[in-house]
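Shown next, in structure tokens, is the structure this report addresses.
Readers should treat all values here as calculations from the given coordinates under stated rules, not as data from a laboratory. All figures in this text were calculated on a predicted structure; none of them were measured in a lab. A quick note on method: Cβ atoms are made from the backbone with ideal geometry, for glycine too, and the neighbour counts reach across all protein chains shown.
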Amino acid sequence: MLKQLYKYLTQNQANIYGLVLSSEGVPYVIKKDARGWEVWVEESVCDHACDLIAKYIAENQYSPDSEIQKASEYHHSFIGAWISMLLIGCHFRSDMYGQFNQIVREYGASASAILDGEIYRTVTALMLHSDYVHLAGNVAGIFIFGTAVSSIAGAGVGSLMILASGILGNYANAVLFEYGHISIGASTAVFGSVGISAAYQFYTKIKMGKQRMQAWLPLAGGLALLGFLGTGKRADLTAHLFGFIAGIGLGLIYTLLRHHLQDKSIQIGSVAACVIILILAWFG
């Protein structure tokens, strides 16, 4: 009777493990499903096969969990550039008719208004910027870190996580201040993307037994970046911090569910969800 030895592998990983088994005369079968490749062996040699592959992994410091998502071709995207273009377009549109202050009053992340039920502000505020310097900083941040997130999770799922981190960060900030506070800018989502990337790197390293101490470095680096870039004279530090924390949470959730988020349909559905959220926030 055949027993599954590994699942959710890339094709390259499955082929390598097959070579390891065949070199020791262990028969195996490689199968493919919608979520990846699988290696099956006879139940009677299962323990021996596991030992062989474990030895190979130890000698080569390699594990399927240490190369999350590398084989997903659609993860190579520049979603950060598309988001940046969207932010630039929104700024030009909001600044075009000299009504920027009115737009901020109606769509900025006002703590009291958000808690009164105007949740759309947690979205629209992300797309408003006070001046071109403010815009340029966030465009650069989202271009760099947004593209990094899309390379991890794909353009669709990555975009949805970045947007969600910004929304959650703005809402948490509103709960903290309750009233008398209003903020704008995509920096909450920028630091959300930093948190997502840090969480992914943390998970990747902690799964490799010899790098457990190094696993905390990405999170520490993210906090250092928050302290360096997120505490400027006009910066909303708490919004940045909440965005970063939300990103960490979303990043860890993604790593646990990543094998279920591989399908192209999920990526397309995530893009559609982002578009629907934006449309409802501005026009709903």
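The table below gives the values:
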{"read-out": "Cα gyration tensor shape for the stretch 2-62, rounded if a/c is under 1.5, else prolate or oblate", "value": "oblate"}
{"read-out": "Length gained when the stretch S44-L237 is fully extended (0.36 nm per residue, less Cα-Cα span)", "value": "63.6 nm"}
{"read-out": "Linear extension gain, A34 paired with S130, 0.36 nm per residue minus alpha-carbon span", "value": "30.0 nm"}
{"read-out": "Mean Cβ neighbour count within 10 Å, used as a protection proxy, ranking 79-86, 140-147 highest first", "value": "140-147, 79-86"}
{"read-out": "A220-A273 FRET efficiency (beta carbon distance; Förster radius 30 Å; 0.05 resolution)", "value": "0.40"}
{"read-out": "Calculated over the chain: convex hull of Cα atoms, volume per residue (Å³)", "value": "134 Å³"}
{"read-out": "Residue pairs, from the table K7/K264; K55/K205; K31/K264; K3/K205; K205/K264, whose Cα atoms sit over 24 Å apart", "value": "K3/K205; K205/K264"}
{"read-out": "Helix axis angle, 237-257 relative to the chain longest principal axis, alpha carbon, degrees", "value": "30 degrees"}
{"read-out": "Footprinting exposure proxy for V26, V157 (fewest neighbouring C-beta atoms within 10 Å first)", "value": "V26, V157"}
{"read-out": "Packing-based order for 270-283, 98-111, using average beta carbon neighbours within 10 Å, highest first", "value": "98-111, 270-283"}
